[in-house]
Amino acid sequence: MNNQNLLSIGGNKKQNRNALVLLSSRELDKMRVVGKLAASLLDHLEPMVQPGVSTKDLDDEAARFMKANGAISATIGYAPPNHRPYPGHVCTSVNEVVCHGIPSLKQVLKEGDIINIDVTPILDGYHGDTSRTFFVGEVSDKAKKLVEVTRESMMRGIAEVKPGGKIGDIGAAIQEYAEGNGYSVVRDMVGHGVGRQFHTEPQVPHYGKRGTGLKLRKGMVFTIEPMLNEGSYDLKFLKDGWTVITKDGKLSAQFEHTVAVTDDGVEILTLP
Ligand code: MF3
Ligand code: CO
Ligand code: CO
């Protein structure tokens with residue numbers, strides 16, 4: 001989610017739509033169910049990721065899968081302030097696309113591409129938000145390394161989560177690992193609280209300093225979704241109103257899990 005937008009939605013105190021919430025154990029059960037469904041959707045789409053398949057084909061199959069499982073897509077028609085409604089059931093972000101790529105019949109995957117598929121089904125009122133970056137056929141060692149480092153950076157961020165910890169611990173772990181491997185961490189997009197609402201406080205930057213920021217408490221549920229770039233972290237926003245690409249045109253990768261702060265650590269809610 002774009003950090004400026006979240007701030008502007010968060011400013012709507014009347015409805016307090018985007019306030020931080022702690023989830024009850026009953027609500028966490030619902031998050032487990034939708035989280036598992038979100039992960040299963042990615043598992044389901046993975047074998048379709050082949051040269052010759054369009055990103056619209058992936059979107060159609062995702063729509064079918066969500067419907068068949070009694071879920072709806074949180075992304076289709078999603079329209080935060082200053083945004084036109086997002087037109088896809090999922091986001092498909094190929095190569096230099098950092099996030100929010102729009103599925104299209106005209107975009108056909110080719111050998112060597114990398115594609116992030118970001119899915120957010122809603123089931124029984126709760127959102128499960130997860131993404132992975134997949135390889136299209138054989139990809140270069142350079143692309144493989146970026147993708148693997150991005151996945152590992154997310155896992156290192158997740159490993160920091162525990163009650164009493166700080167939001168800054170997460171970003172610091174991600175940034176250290178990413179930059180240590182020669183990549184930059186996108187600044188303008190952040191992880192976010194998620195539950196009944198798609199995007200709430202807290203914002204979860206993927207860079208930062210240990211010991212700083214909001215204190216983590218049991219019952220908080222948020223995403224960790226680092227975007228790592230091969231070149232600089234500067235972004236460009238396309239005129240379609242959604243697609244975000246790297247300013248220098250170099251590769252970008254992303255992984256995302258929804259996690260919950262537990263009594264003594266963390267639970268990943270978006271595992272299959
Ligand atoms: N799933 C994205 C996230 O991780 C948000 C996508 S919003 C959309 O926050 F409108 F672009 F689909
Ligand atoms: Co998210
Ligand atoms: Co997402």
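The values are calculated or read from the model by the stated rules, or taken from the named source; none is laboratory data. As the structure is a computational prediction, the values presented were derived from the model and not from experiment. So basically every Cβ, Gly included, is an ideal-geometry build from the backbone, and we count neighbours across all protein chains shown. Each accessible area value is taken on the protein alone, full model and side chains, heavy atoms only, with ligands, DNA and RNA left out. Shrake-Rupley method; radii C 1.70, N 1.55, O 1.52, S 1.80 Å.
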If the chain between S104 and D188 were fully stretched, how many nm would it gain, using 0.36 nm times the residue separation less the Cα-Cα distance?
27.8 nm
Among the lysines in segment 156-272, how many pairs, 8 or more places apart or on different chains, have alpha carbons under 20 Å apart?
10
Given N residues in segment 167-272, what is Rg(Cα) / (2.2 N^0.38 Å)?
1.12
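In square angstrom, what is the accessible area per residue of segment 133-243 with a 1.4 angstrom probe? Mind showing how you got there, number by number?
Working: 4510 Å² over 111 residues.
That works out to 41 Å² for each residue.
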From phi via Karplus (6.51, -1.76, 1.60), per-residue ³J(HN,Hα) for segment 19-26 in Hz, x at Gly/Pro
5, 5, 10, 9, 8, 6, 5, 5
The ³J(HN,Hα) series, computed from each phi in segment 176-190 with the Karplus coefficients 6.51, -1.76 and 1.60 at θ = phi - 60°, rounded to the nearest Hz and given as x for glycine or proline, is 4, 5, 5, 5, x, 9, x, 10, 9, 9, 4, 8, 7, 10, 10
Here the relative contact order (percent) of segment 129-272, from C-alpha pairs under 8 Å and at least 6 apart, is 30
Calculate, for R84 and D248, the FRET efficiency according to 1/(1 + (r/R0)^6) with r their C-beta to C-beta distance and R0 25 Å; round to the nearest 0.05.
0.40
Amide proton proximity set for L123, modelled H, under 5 Å, gap of 5+
G128
Express the carbon and sulfur contribution to the solvent-accessible surface of segment 159-261 as a percent, rounded to the nearest whole number, probe 1.4 angstrom.
50
Sequence-distant or interchain residues sharing an amide H contact under 5 Å with S54, placed H: which?
L109
For 59-65, 260-266, ranked highest to lowest by mean beta-carbon neighbours within 10 Å, the order is 59-65, 260-266
Under 8 Å for C-alpha pairs, at least 6 residues apart: give me the relative contact order for segment 113-213, rounded to a whole percent.
26
Residues of segment 235-255 with amide nitrogen under 12 Å from the 7 Å Cα-to-Cβ point of N181?
253-255
Could you give the length gained on full extension between A19 and E111, defined as 0.36 nm per residue of separation minus the Cα-Cα distance, in nm?
28.8 nm
Over the chain, what is the mean sequence separation of C-alpha contacts under 8 Å (at least six apart), divided by residue count, expressed as relative contact order in percent?
23
Cβ under 11 Å from T212's Cβ, T212 left aside: what net charge do those residues give with Lys, Arg +1 and Asp, Glu -1?
+3
What do you get for trypsin sites (Lys or Arg not before Pro) in segment 168-272 restricted to DSSP loop and a cutoff of at most 12 other Cβ within 10 Å of the site's Cβ?
K209, R217, K239
Given the chain, report the % of alpha carbon pairs whose separation exceeds 24 Å.
44
Can you give the accessible area per residue of segment 18-102, in Å², using a 1.4 Å probe?
44
When every protein chain stays in place and a 1.4 Å probe is rolled, H89, H257 sorted by accessible area with the largest first are H89, H257
With a cut-off of at most 15 other beta carbons within 10 Å, and DSSP calling the residue loop, which GluC sites (Glu not before Pro) in segment 123-160 qualify? Please list them.
E138
I need the phi-derived Karplus couplings for segment 119-126: 6.51 cos²θ - 1.76 cosθ + 1.60, θ = phi - 60°, integer Hz, Gly and Pro marked x.
10, 9, x, 10, 10, 6, x, 10
